[in-house]
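Working notes for the structure below.
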Amino acid sequence: MPDHGDRPVTAVVELDSVDTIYEGEQIPAIRDVSLRIASDEFVCIVGPNGAGKTTLLETINGLLTATRGVVRVLGHRVDRKGPWLRAKIGYTPQNFSVDPDTPFLVKQVLVMGRYGRVGMFRGLTSGDMSSIERAIEMMGIEDLLDRPVGKLSGGQLQKVLLARAIAKEPDLLLLDECFNSLDPQSKAKVLDILQTLNHELGLPIIVVTHGYFAVLDVCDRVIGLRDGRIVADISHPTDKEKEVLRQGNLIP
Amino acid sequence: MQPILFELPPSFLVTSSLAAVLAGVVCSMVGVFVVRMNLSSVGFTMSHAAFAGAAFGLMLSLDPLLCAVGFSTAVALVLGPVSEKAHLRPDVILGVSFSVMLALGFMFLSLIPGGVISSTALSILWGSIFGVTLLDLILISFLTGTIALIVVVFFKEFEAILFDRKLAEADGIPTRRFYYAMLFLTGLVVALTLKIIGGLLVFALIINSASTVYQFSYNIRRIMVASPVVGGLVCLVGLMFSLLLDLPVGSSIVIVSSLVFAAAILVSPKRRRG
């Protein structure tokens, strides 16, 4: 059935005057946010603690419901087609941790990345397995596959989550503080992978970062948030513009 | 005096053994979900709701089993959304609803016409495996098969939710309907095994065997297979002990399963440090 409220895909993400308020709160975590992200953009979101970066990301993929305004992803309203859209969005949450006793092996966690995409009543095909293998190879985590996921270091777990999101072959990648816990070499490698995905496969990427600003040198656009509002939106920031972001305490 | 085990007719022994094994299998099957999803408090309340429901049935001369199913599934359907929506801590849910259900159960028992608590009423509390009928066996077999089928058909979805519900939701899996389905099935299991294990003890069987198996594996798929096996065996051993030593069946099964769990903790590779 066609969704008459939807529009043709003109941008991968569109937010019109969006507020998101957490349950039990009165003040919106993001307020009056309007934003359009094109289908080939690599966007970096920066801002101090509590600026609303994670809220913005989770409002885009519908894990949080916008209390005002409209959120469209891939041309469809998130409030109407949430699960269907999330099956097409790769996502890594910030500060994800698991109990050391968690009864899952890394390879099982990776396979799960495709479950939403595969859908109910269907098993994984050889095509699905090939996508998972490519993501494993890309992230260089072959040696972790048979390890219990709860026994991994923070950096290793981050790589597994990234591989899981990439294995999904998403139409949009949302990464929340995905550079946390990674060593400098791994950070550079992950950034390189993200650039490849964006440039060669045309995958739109939105990265929230709080501490790794090499992303600013390679992304197409930087969006600065403070107190839940967009206070900066800069394409390919120059050194001078980065200094402005720094002075505005959006980056350290 | 000879143990009751040697006085029972073989057909009786077969029926009660089958009932015990099936109860162990089905309880431990849902136990994997209850333990991993931290639903112990909700499930514990469900077991007491089933007890209250059965007592309600006896009070009004209705079928206690049907009333137990009604109460425990109603609690499953109400308590899940309420606890999720209100963001209540599990101990708060447990503290309020468990005591209410227990109070209701005893109140209904005290209101049974004639004022005397019948053996049927007591069997709800402690279980009565010897009262298990062919229909009970068919019902539990059907429930065991249905739950196994649901788990197999929706294995991907359940596996993802068991790993991390938020991540599963972010992957496009409608986690809420699976979460409520599992609560509902747990309520059914509790109600249908009430007669065998007893309202006060049934939940221990759900938790104990699954928790035992969790001590030995980091692989959820192996846990899902091993938990019902251990649950069935523990129930069979518990039943034999009860028949040999003339103990209440439910108590005997729960004590055996608790001892097995304690032993598992002692030898678990997950508990070794250094």
Give me the one-decimal nm value for the distance between modelled label points at A:Lys240 and A:Gln195, 7 Å along each residue's Cα-to-Cβ direction.
2.5
Inter-chain shielding of A:148-161 (mean C-beta neighbours from other protein chains, 10 Å cut-off):
1
How large is the charge dipole for the protein assembly as shown, taken about the Cα centre, if only the Cβ atoms of Lys, Arg (+1) and Asp, Glu (-1) carry charge, to the nearest 20 debye?
440
Proxy reagent accessibility, fewest Cβ within 10 Å first, across B:Tyr179, A:Tyr22
A:Tyr22, B:Tyr179
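Show that you can apply the helix-only estimate: for chain A, add -39,500 (n - 2.57) for every DSSP H stretch of four or more residues, divide by all residues, and state [θ] at 222 nm to the nearest 500.
-10000 deg cm²/dmol
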Just the number, please: Stokes-Einstein D of the protein assembly as shown in µm²/s, Kirkwood Rh from C-alpha pairs, 10 °C, 1.306 mPa s.
62
How shielded is A:110-118 by partner chains, expressed as the average number of their Cβ atoms within 10 Å of its Cβ atoms?
5
Among all helices in chain B defined by DSSP H, which have a length of 30 Å or more along the axis from Cα atoms plus a Kyte-Doolittle mean of at least 1.6?
B:10-36, B:220-245
Taking each residue in A:56-67, count the Cβ atoms of any other chain within 10 Å of its Cβ, then average. What number comes out?
1
For region A:73-170, give the magnitude of the charge dipole about the Cα centre (Cβ charges: +1 Lys/Arg, -1 Asp/Glu; no others), in debye to the nearest 20.
560
Please sort A:90-100, A:200-210 by packing, taking for each peptide the average over its residues of neighbouring beta carbons within 10 angstrom, highest first.
A:200-210, A:90-100
Taking the beta-carbon count within 10 Å as an exposure proxy, list A:Met120, B:Met59 from fewest neighbours to most.
A:Met120, B:Met59
Highest GNM mean-square fluctuation, chain B, Cα pairs closer than 10 Å: which of B:Gly172, B:Gly187, B:Gly57?
B:Gly172
Among A:Thr65, A:Thr238, which comes first, then next, by fewest other beta-carbon atoms within 10 Å?
A:Thr238, A:Thr65
Which lysines does A:Lys189 reach when only Cα atoms under 20 Å apart count, and residues fewer than 8 places away in its own chain are ignored?
A:Lys159, A:Lys168
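May I ask you to list the trypsin sites (Lys or Arg not before Pro) in region A:110-171 that are in a DSSP loop and have at most 15 other Cβ atoms within 10 Å of their Cβ?
Counting only loop positions with at most 15 other Cβ atoms within 10 Å, the trypsin sites (Lys or Arg not before Pro) in region A:110-171 are A:Arg122.
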Full-stretch length increase - A:Tyr22, A:Ser126 - with 0.36 nm per residue and alpha-carbon distance subtracted:
33.3 nm
For region B:4-268, the spread of Cα positions along each principal axis, largest first, Å
55, 39, 33
Quick one: net charge around B:Val225, please, counting Lys, Arg +1 and Asp, Glu -1 for every other residue with C-beta under 15 Å from its C-beta.
+2
Please tell me the relative contact order of region B:4-268 in percent, rounded to the nearest whole number, where contacts are Cα pairs under 8 Å and at least six residues apart.
33
Tell me the mean residue ellipticity at 222 nm calculated for chain B from its helices only (DSSP H runs of n ≥ 4, each -39500 (n - 2.57), averaged over every residue, nearest 500).
-25500 deg cm²/dmol
Given B:Gly250, B:Val189, B:Gly127, which one lies farthest toward the positive end of the charge dipole of region B:4-268, if we put +1 on the Cβ of every Lys and Arg and -1 on the Cβ of every Asp and Glu?
B:Val189
Net charge contributed by nearby residues that have their C-beta within less than 13 Å of B:Val78 (K/R +1, D/E -1):
0
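Only the coordinates and a few stated rules stand behind these numbers; no lab work does. Since we're looking at a predicted model, the values are computed, not measured. Glycine gets a Cβ as well: all are built from the backbone with ideal geometry, and neighbour counts include every protein chain shown.
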